[in-house]
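Chemist: My questions will all concern the structure given below.
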Amino acid sequence: MIASAPNPQKAHPDAIEKAARILKQGRLVVMPTETVYGLAADAGNAQAVARIFKVKGRPSFNPLICHVASPKDAEALVNVTPLAQKLMAAFWPGPLTLVLEKRPDAPVCDLVSAGLPSLAIRMPSHDVARALLKAVGCPLAAPSANRSGRISPTEASHVAQDLADDLGKDVGLILDGGPCNVGLESTIVAVKGEALVLLRPGAITADQITDACGVRPVGDQSGTITAPGQMLSHYAPDAAVRLEAKTAKHDEVLIGFGPIKGDLSLSEDGDLIEAAARLFSCLRSADTMGKKKIAVAPVPPHGLGLAINDRLRRAAAPKNNMETST
Ligand code: TXA
Ligand code: MG
C-alpha cells in the first residue's frame with residue numbers, strides 16, 4: 001500500500017491543538033478557510049514551505065498568501081499604508097488578500113513570496129482557521145490545497161481525494177471544518193500608493209472595494225502575470241468545458257444555473273452566492289460522471305458572477321500551459 005495523506009479529522013479543539021504542534025514541527029496541515037481549503041505551513045520555516053510545493057506538485061515557486069490572526073500581526077510582515085488599513089477595517093477577517101511591500105525584517109522565509117519584494121496577506125474569517133492561527137502563534141503560508149492545475153477544494157474530502165498518493169504523505173493532518181461557505185478564492189488586490197490593482201477577482205467585488213475606500217481597483221495592465229492564478233488554463237477539470245450552454249449534447253454533463261436545470265445546478269434559484277459556494281464541487285462532480293465534456297449554463301456577469309465567470313473561463317481554456325497554475 002502506498003502512503004498518502006491522512007483521513008480528515010473533525011476540527012475539534014484537540015485536533016486544532018494537534019495541528020498547531022504539527023505545524024511547529026515544520027510539517028504541513030490542511031486547514032479550512034471560508035474561501036477554499038488551504039495547505040498550510042509555518043511561513044518562517046523554509047523547509048516546511050518547500051514541502052508545500054512538493055505536495056502540490058507545483059513546477060515553479062509561485063508566491064503564497066500569508067495568513068495572519070489579526071491586522072496587528074500583518075504589521076510585522078508588511079508596510080501597512082492608510083489605504084490598506086481602510087481595506088482591512090472593511091473586509092477583515094474575510095476573503096480579501098492584500099499585496100503590500102514586505103518588511104525587510106518580516107519573519108517569513110523568502111520562499112513564501114518567491115523572492116518578490118511584496119507579500120500577499122490575508123486574515124481568514126473561518127473559525128477553525130482563526131483558532132489554528134491563534135494556537136500556532138505564527139503566520140501560515142497556505143495556497144489552495146489542490147494539486148497544481150486542479151480545482152480548488154471546498155470540502156475536506158476533495159483534499160483527501162487530491163492527495164491520495166505518495167506525495168500526500170507529507171501532510172500531517174487534514175482538519176475538516178465542513179464545506180467552505182464562500183467557495184471561491186479570495187480577491188487579490190495590490191496596494192500601490194493611492195492606487196489599487198486587481199490581481200485576481202474573487203469573493204469580494206471591485207464595487208464593494210470601491211464603496212469601502214473610495215478607490216476603484218484597476219485591472220492589471222502590466223501584461224506580465226503577477227498572480228499566476230491568472231493563467232488561463234487554471235482550475236481545469238479533466239473533461240473539456242463548454243460555456244454559455246442552454247442544453248447538453250449527448251456526450252456532455254450539463255451544469256445548470258437558475259432556469260436552466262442541468263444534471264446538477266450551481267443554484268436552482270439563480271443565487272450567485274450559492275453558485276460561488278457550489279462552483280468547484282459541481283465541476284468536480286461533473287468530472288466524475290463519465291461524460292467527455294462538461295457544459296455550463298450562462299451565469300450573469302455582475303457582482304460575484306464576475307469571479308465565477310473568471311473561474312469558468314479558466315476551466316474551459318485549452319490545457320496547454322499549466323506551468324504556473326496554483
Ligand atoms: O482564498 C484564498 O486566497 C486561498 C485560501 C487558502 O486562503 N488561497 C489561495 O492561494 O487561493 P493560491 O496560492 O492558490 O493563490 C494565491 C495567488 C497566486 O495566484 C499567487 O500568484 C498570488 O496569490 N500571489 C501571492 N503572492 C503574491 C505577490 N506577492 N504578488 C502578486 N501575487 C501574489
Ligand atoms: Mg490555488
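Chemist: Kindly provide the set of residues from the stretch 83-128 that are of a type in the set (D, E, K, R), in contact (Cβ under 8 Å) with a residue 40 or more places away in the chain and either assigned to a loop (DSSP other than H, G, I, E, B) or closer than 21 Å to THR35 by Cα (or both), ordered by number.
Modeler: Matches in the stretch 83-128: ASP110, ARG122, ASP127.
Chemist: Next question. Please tell me if GLY183 is in the same structural domain as LEU23 (by the TED database), within 16 Å of ligand 2 (Cβ to nearest atom), on the phi > 0 side of the Ramachandran plot and not in a helix (DSSP H, G or I).
Modeler: yes
Chemist: Which residue pairs have Cβ atoms under 6 Å apart, sit 6 or more places apart or on different chains, and have a first residue in the stretch 136-162 that is in contact (Cβ under 8 Å) with a residue 40 or more places away in the chain and a second that is within 13 Å of ligand 1 (Cβ to nearest atom) and aromatic (Phe, Trp, Tyr)?
Modeler: Sorted first by the residue in the stretch 136-162, then by its partner, the pairs are ALA145/TYR37; ILE151/TYR235; ILE151/PHE280; SER152/PHE280; PRO153/TYR37; THR154/PHE280; VAL159/TYR37.
Chemist: Would you pick out the residues in the stretch 18-47 that are away from ligand 2 (no atom under 16 Å from the Cβ) and surrounded by fewer than 24 Cβ atoms within 10 Å (Cβ to Cβ)?
Modeler: Passing the criteria: LYS18, ALA20, ARG21, ILE22, LYS24, GLN25, GLY26, ARG27, GLY44, ASN45, ALA46, GLN47.
Chemist: Identify the single condition in (1) in a helix (DSSP H, G or I); (2) touching a residue at least 60 places away in the same chain (Cβ under 8 Å) that GLN47 does not satisfy, given that it satisfies every other one.
Modeler: (2)
The values are calculated or read from the model by the stated rules, or taken from the named source; none is laboratory data. Note that the coordinates shown come from a computational prediction; the quantities given were computed from them, not determined experimentally. Glycine gets a Cβ as well: all are built from the backbone with ideal geometry, and neighbour counts include every protein chain shown.
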